[in-house]
Structure formats: structure tokens, C-alpha cells
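**Student:** Dumping the structure here so I can ask a few things about it.
The numbers here are math on the coordinates, done by the rules we state, and not lab data. Not measured: the values here are computed from a predicted model. With ideal geometry, Cβ positions are generated from the backbone for all residues, glycine too; neighbour counts draw on all protein chains shown.
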Amino acid sequence: MVKRFQDEDLLNRFDTLAAIEAKGITLVHETARRLNHSHFVVIRKSVKKYMVDPLTRPVKSITSEGEQTLVLDGRDRERIRDRRVCLIEDVIATGGSVRAAQGLIEAAGAKLTVIATVLLKGDFDDPRLVFLHRPPM
């Protein structure tokens with residue numbers, strides 16, 4: 001994924017990174033490390049005891065059973081406010097989780113400007129999308 005980010009135009013479209021737990025955490029950590037980004041935020045799949053004033057959005061994902069809740073800690077909301085965010089995901093199929101994460105990002109006062117995924121399955125399409133692989137349909 002980092003090779004795709006070597007495009008200067010793409011790099012200039014975001015100034016912070018975010019990912020949805022759990023597989024997205026290692027992807028965003030390594031991407032941040034290689035791009036020399038000082039921080040990233042993680043959108044969780046449940047409210048944690050340590051969170052302060054969390055933002056929540058319901059999501060129904062085809063890759064997970066039933067309805068889930070995506071959560072952004074209030075402290076992370078302050079970290080991304082007024083920032084341009086690149087959301088990193090491991091797999092995108094319908095884009096339900098991406099849309100819910102976008103709702104959290106926007107509610108935090110930030111703007112989703114890049115969506116990056118390793119594997120693009122299904123028919124999700126967005127002009128902000130960057131992906132590494134799309135299997136044959």
C-alpha cells in the first residue's frame with residue numbers, strides 16, 4: 001500500500017490516518033511508520049471503558065455477523081478535528097463500514113479525503129478510493 005502512497009498528489013490529499021479495528025490497526029500502524037506520520041486514530045467496534053465522550057455510528061457489514069457499532073473516542077475526535085483523513089481498511093465489499101466511519105470522521109469535524117484498502121471486493125466505488133487488488137468477479 002505504501003508504494004501507492006508515493007504519489008505526491010495522493011500524499012497531499014491527507015494529513016492524518018485512521019483505521020477500523022481490528023485488521024486495520026496493523027495496516028495503519030505500518031503505513032504511518034513508513035510515511036513518517038506522527039499519529040493515527042483507530043475507530044473501534046465497541047465503546048471501551050477508557051473512552052471519553054465517544055461518538056458512535058451503527059453499521060451493518062456483510063463481513064461481520066449482525067449490526068455493529070463503530071466508535072471514535074472523544075479524545076481522537078479532538079486529534080482529527082479540521083484535518084483531512086485517509087481511512088485505511090483491509091477489505092471493502094459494499095462500503096457499509098466505510099460510510100459509517102465517514103459519518104464518525106465528519107461528526108468529529110474532519111473530512112475523509114482518501115479511502116485506501118488492500119482488497120476491493122464487490123461494487124464499492126468512490127473517487128477517493130485507492131486499492132491494491134481487486135479479485136475477478
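**Student:** Stretched out fully, how many nm does the piece from V91 to K49 gain, at 0.36 nm a residue minus the Cα gap? Before the final figure, lay out each step's value.
**Tutor:** Details: separation 42, 0.36 × 42 = 15.12 nm, distance 2.78 nm.
Gain on stretching V91 to K49: 12.3 nm.
**Student:** Ignoring the sites themselves, what is the longest stretch of the chain with no trypsin sites (Lys or Arg not before Pro) in a DSSP loop and at most 10 other beta-carbon atoms within 10 Å? All intermediate terms of the calculation are to be shown ahead of the outcome.
**Tutor:** Numbers: sites that count: K3, K48, K49, R81.
That gives 82-137 as the longest site-free run.
**Student:** Then there's this: One quarter of the convex hull surface, Cα atoms only: what value does that give for the range 31-92 in nm²?
**Tutor:** Details: hull surface 21.2 nm².
So the mean shadow area of the Cα hull is 5.3 nm².
**Student:** I would also like to ask the following. If N is the number of residues in the range 58-137, what value comes out of its Cα radius of gyration divided by 2.2 N^0.38 Å?
**Tutor:** On the way: Rg = 13.0 Å, N = 80, 2.2 N^0.38 = 11.6 Å.
Output field value: 1.12.
**Student:** Over the alpha-carbon set of the chain, work out the extent along each principal axis and list the three values in angstrom, largest first.
**Tutor:** 39, 34, 23
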